[in-house]
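To start, the structure under review is shown below, and the notes come after it.
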Amino acid sequence: MLELIFQYVLPGAIVSLLGGWFLLAGKRRDRVAADAAAEAARHEKQFPGWQDLVDENRDLRVEMTSVRDEVLGLRDELKEVRRADTRKMQAVARILRALFDQWPGRDAPNLDPADIAEIEDTVPPAWVRRRAV
């Protein structure tokens with residue numbers, strides 16, 4: 001009986017143990033490789049590579065150029081608004097100066113039509129006296 005155990009059971013047990021050991025070693029090797037890959041990916045995400053930094057820099061440069069162009073356009077628009085506002089304020093000042101200079105004299109003030117045209121859009125419609133046609 002002992003001979004049968006050594007002849008059939010023991011070699012099968014040894015082969016089964018070796019197979020199990022190789023299977024476990026393979027799973028451990030796969031797990032270690034997966035952990036290493038995950039660590040490398042985490043490290044890559046945390047510390048981007050040189051090409052990633054170059055690409056990001058290029059994208060930022062394009063975005064900054066478009067933002068700069070937009071800001072310059074807004075600056076030009078603001079200059080135009082300031083010029084228009086200054087022209088209107090100067091026209092109002094000239095009109096008031098003319099009114100005060102002519103007040104004691106004539107019945108109707110003699111105002112510059114260009115000054116009136118400059119501020120025409122700011123005068124409420126109810127204040128405008130319509131000419132009879």
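By how many nm would the segment from L96 to V81 lengthen if fully extended, with 0.36 nm per residue of separation less the alpha-carbon distance?
My answer for the length gained is 3.1 nm.
Simple point charges give the picture: +1 on the Cβ of Lys and Arg, -1 on the Cβ of Asp and Glu, and for the range 1-114 a dipole about the Cα centre of about 400 debye.
Seen from D85, the other residues with C-beta closer than 14 Å to its C-beta sum to a net charge of +1, counting Lys and Arg as +1 and Asp and Glu as -1. Between E63 and A37, the simple label model (points 7 Å from Cα in the Cβ direction) yields a spacing of 3.1 nm. The residues of the chain have, on average, 93 Å² of accessible surface per residue, using a 1.4 Å probe with all protein chains present. Note on the chain: dipole from Cβ charges, positive end direction compared against W103, V71, Q46; the farthest Cα belongs to W103.
Per residue, the chain reaches -26500 deg cm²/dmol at 222 nm when only DSSP H runs of four or more residues are counted, each adding -39500 (n - 2.57).
Annotation: extensible slack from Q46 through D30 equals 3.4 nm (criterion: 0.36 nm per residue apart, minus Cα-Cα distance). Give me the Debye-computed log₁₀ of I(q)/I(0) at q = 0.13, 0.18, 0.19 Å⁻¹ for the chain, equal point scatterers on Cα only, no solvent, two decimals. After summing over all Cα pairs, the log10 values are -0.87, -1.09, -1.14.
The values are calculated or read from the model by the stated rules, or taken from the named source; none is laboratory data. Bear in mind that the values here come from a model prediction, so they are computed numbers and not experimental data. When we count neighbours, we look across all protein chains shown, and the Cβ atoms used for this are built from the backbone with ideal geometry, even at glycine. Accessible surface areas use protein heavy atoms only, side chains included; no ligands, DNA or RNA. Shrake-Rupley method; radii C 1.70, N 1.55, O 1.52, S 1.80 Å.
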